[in-house]
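What follows is one structure encoded as structure tokens, with my remarks underneath.
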Amino acid sequence: MDIERAHCYAGAKVETEVTNPTVDHVVTITEFVVSRVLTKINPTGFPWIEIGWAEHSDRTSSTPEVYSYDTEEGGVWRFPGLYPLNVGSFYAFRTRNCTISSDDKQCAEVYWQGAWALVDYSNAADCRNQQGTAVCAAEEYTEVYSDHSPSLHPDLTPGSGDNRVDWRSTQLRTNAGSWVSWTQSSIKGSNSPYDACLINAYYRFYPVKGTC
């Protein structure tokens, strides 16, 4: 369940609720639920960098964790293990154009204990053109994947809860470096049995297992 805004920004910032999805932790399967923000050089694909929270079948922990993923690193999920999350709380994540050691990068950060903490960065995903103008394509979404039959569609919340993940206050970073509410017309996508439900424009919404 995703919302995408095409190539004219320098980054994206989200606040997303952490839930406790019913992911199976079995070594013979791949299953995960993630809520993340992502920026890439163009809307068609590579390269990109993302950050958010995830519960993944490969992990021994059955609780969500902060993670990042950078295509420059060959498709490796990174779990820094420094940011314990509380289920039911909201956390902020962002990707943005940044400079590290005088080199332009795309940084992935989590807002932690009153400050932004750098979790990952990518040179390949630095979405500036030759003129230095930011041309990122941005996405915000909750993704569910499973190759585990018959339980191919994990719940987003355990038991008989509302089975949804709330998002709020999502923003886009302009080329000038300011953050603006994600009210710009964007593309919404969803796949059954999940749906993406807009509350206010594109800055407040919720994915749900079911229909809006």
**Request:** Please report, ordered by residue number, the strands (runs of 3 or more DSSP E) entirely within region 158-212 with at least 2 residues that are more than 20 Å from Y145 (Cβ to Cβ) and in contact (Cβ under 8 Å) with a residue 40 or more places away in the chain.
**Result:** 167-173
**Prompt:** Quick one: K188 ticks every box in (1) more than 16 Å from the chain's Cα centre (by Cα); (2) of a type in the set (D, E, K, R); (3) modelled with pLDDT under 90 bar one, so which box is it?
**Reply:** (1)
**Asked** In region 26-63, what residues are outside any strand (DSSP E or B) and farther than 20 Å from Y83 by Cβ?
**Response** V26, V27, T28, I29, T30, P43, T44, S57
**Request:** Please verify whether region 95-103 includes one or more residues that are of a type in the set (S, T, N, Q), under 25 Å from Y194 (Cα atoms) and assigned to a strand (DSSP E or B).
**Result:** no
**Fill in**
A careful count of residues in region 144-178 that are under 30 Å from T99 (Cβ atoms) and buried (at least 17 other Cβ atoms within 10 Å of the Cβ) gives 5
**Asked** Taking the condition in contact (Cβ under 8 Å) with a residue 40 or more places away in the chain and of a type in the set (K, R), does R59 pass?
**Response** no
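The values are calculated or read from the model by the stated rules, or taken from the named source; none is laboratory data. These numbers come from a predicted model, not from an experiment. As a convention, Cβ positions derive from the backbone with ideal geometry for all residues, glycine included, and neighbour counts pool all protein chains shown.
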